[in-house]
Structure formats: C-alpha cells, structure tokens
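The values are calculated or read from the model by the stated rules, or taken from the named source; none is laboratory data. Just so you know, these numbers come straight off a predicted model, no measurement behind them. Note: ideal-geometry Cβ built from the backbone for every residue, glycine included; neighbour counts use all protein chains shown.
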Amino acid sequence: MEFCPKCGSRLVPKKEKTNKKTSLIFACPKCGYKKQALSNKVTPKVAKVMQPNPQKLVAVIGKEEQKLRTLPTVRIECPKCGNNLAYAWQVQTRGADESSTQFFRCTKCGYTFREYS
Ligand SMILES: [Zn+2]
Ligand SMILES: [Zn+2]
C-alpha cells in the first residue's frame, strides 16, 4: 500500500496516458500528488539533474576492464607498485605533432602512466 508523502493520504492506483504509453501511477486524491508505479527506474519529473547511477558506473568500468583484457601486455615497471607487466595502448595526440603517445596500465594496481620519452 502506498501513502502520499505530502499529506499522508492513501494513494489510489490510476492509469495515466503519457505520450503514447499508458503507465500505472499512484495518485493522491487529496493533494494531487502522483507517483510512478511499477518502475523504479523512471525518474520523476521533478528530477532536473541527472544523478550518475553508481550501478551504471560500475558497469562502465566493467566494460573498460573487458576492453583492457584484449590489450597487449608489455614488460614495463609500474612506477607505483613495481609490478613489471602492464597493458599497452597508443593514443593519437591531436595537433601538428604526428607522434602518438604510448600509455600503459599496470595489470596489478591499475595505475595508468605514459611512456617516458
Ligand atoms: Zn497528498
Ligand atoms: Zn602497479
């Protein structure tokens, strides 16, 4: 059972048409408060600023890690933990300079560092 956070009245389930979808909502008969039912993922209209979803963030990191796994590893000493194996990839630097920068990421501690030239 749902209660209105504003006035404490019992919320009544209603069907509301938004755009082309019909969604189930809980509406307060007293003050007109509306609450989206079923889906918790749908952010209420009040929310203006998109808050970064920590779960999403983790998923993104997971993807990054997967990408890293496909990268070649090279023997180079990590300046942070002393591990001597790191993932290597190159990043093309923008501008007149044609050379690309070699990046390394320690397989042990995840520290990312550039090649010293
Ligand atoms: Zn209310
Ligand atoms: Zn390291």
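Among (1) at pLDDT 95 or above; (2) within 25 Å of the chain's Cα centre (by Cα), there is one condition P52 misses while meeting the rest; what is its number? Here P52 clears every test but (1).
Any residue at all in the stretch 32-41 that is at pLDDT below 85 and either aliphatic (A, V, I, L, M) or touching a Lys or Arg at 6+ places or on another chain (Cβ under 8 Å) (or both)? Checked the stretch 32-41: at least one residue is at pLDDT below 85 and either aliphatic (A, V, I, L, M) or touching a Lys or Arg at 6+ places or on another chain (Cβ under 8 Å) (or both).
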